[in-house]
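Beneath this line is the structure, given in structure tokens, with notes to follow.
None of the figures in this text is laboratory data; all of them are computed from the coordinates on show. It should be emphasised that the depicted structure is a prediction, and the values quoted were computed from it without experimental measurement. Counting neighbours? That spans all protein chains shown, and the Cβs are built from the backbone with ideal geometry, glycine included.
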């Protein structure tokens with residue numbers, strides 16, 4: 001916390017629809033700040049993404065990295081554009097770079113079906129869906145980013161799993177399950193792996209069992225990633241917290257987003273021991289950029305997730321109250337018939353923002 005007891009938030013709006021969904025999220029944060037005594041937020045905007053790369057040859061300047069280091073949290077819009085790539089063919093991805101710079105090893109991907117929101121899963125509206133994928137975000141196959149070897153005859157990437165990072169990851173997931181249990185969760189963590197085939201995942205599972213033994217109040221189970229994918233599309237209500245390797249988590253978190261209406265409904269946080277970045281799970285969607293169709297719900301819920309993390313980290317009750325107010329306002333807006341364009345509904349970016357702000361007791365600026 002800075003001297004005047006305000007939370008300093010670094011804001012990186014990004015590319016494509018990133019700035020379009022960031023604006024409503026900031027409006028919601030300003031509105032809830034005005035409504036919650038003791039909550040003070042200060043925002044500083046900075047450059048990052050494909051647009052900055054085109055202009056300068058870098059995904060983000062040193063000043064942006066310094067800002068993110070000094071801020072209490074980072075709020076990030078979608079970054080990257082499909083047609084803008086590094087010489088090796090990979091996309092501009094400051095969101096991934098920040099994970100490595102600040103050792104953001106725990107990728108938190110909540111999956112909660114909102115009231116009135118369509119799901120492809122039969123019975124979801126009655127049973128509900130409320131789970132979290134915890135994705136290791138600095139190792140696994142992503143540890144090979146920029147280091148893969150490609151010849152005329154083959155390509156090789158290396159999967160890395162370390163004891164240090166895995167222990168921290170599992171402790172994070174187990175603590176999260178305990179915190180969710182106090183809010184009505186099941187107190188259940190599944191380790192998702194492929195330990196029957198790969199020695200690296202057998203090692204991963206062994207470390208999970210060791211850490212789970214130190215959290216005896218939380219139920220710990222194993223599941224292979226392919227069986228997990230099959231179960232998620234049949235009975236997602238059987239799960240509470242899923243913890244897994246980087247690439248598996250990347251895939252499963254997109255799958256779980258599909259269970260609750262799509263990527264526009266899916267918030268996320270990349271969390272380390274000292275820093276955290278919060279962003280929607282979706283991409284920059286250049287096909288709808290500038291059309292007013294982008295769904296800002298995931299960005300707004302990412303802002304709520306940020307406040308909840310700040311509240312937990314700093315024992316700050318006003319931030320916790322603000323996070324709960326935002327989530328309740330989003331729930332109320334959807335319960336009252338909000339239908340974003342991606343559901344085939346009539347409500348674009350401004351309509352979603354207005355509905356959430358109205359539920360908070362305010363209007364869009």
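Annotations
- Cα shape, region 119-260, gyration tensor, a/c 1.5 rule: oblate
- Listed peptides 305-313, 120-128, 149-157 by packing density, highest first (mean Cβ within 10 Å): 305-313, 120-128, 149-157
- Listed residues 254, 217, 88, most fluctuating in the chain (Gaussian network, C-alpha, under 10 Å): 88
- The distance between label points at residue 150 and residue 291 comes to 3.1 nm (points 7 Å beyond Cα on the Cα→Cβ vector).
- Region 223-353: C-alpha gyration tensor shape, a/c 1.5 cut-off, then a/b vs b/c: oblate
- Neighbour-count order for 109, 135, fewest beta carbons within 10 angstrom listed first: 109, 135
- Tensor-based shape of region 36-129 (alpha-carbon gyration tensor, a/c under 1.5 rounded, otherwise prolate or oblate): oblate
- Among 196, 295, 336, residue whose mean-square fluctuation peaks in a GNM of the chain (springs only between Cα atoms under 10 Å): 196
- Value of [θ]222 nm, deg cm²/dmol, for the chain, DSSP H segments ≥ 4, -39500 (n - 2.57) each, nearest 500: -13000 deg cm²/dmol
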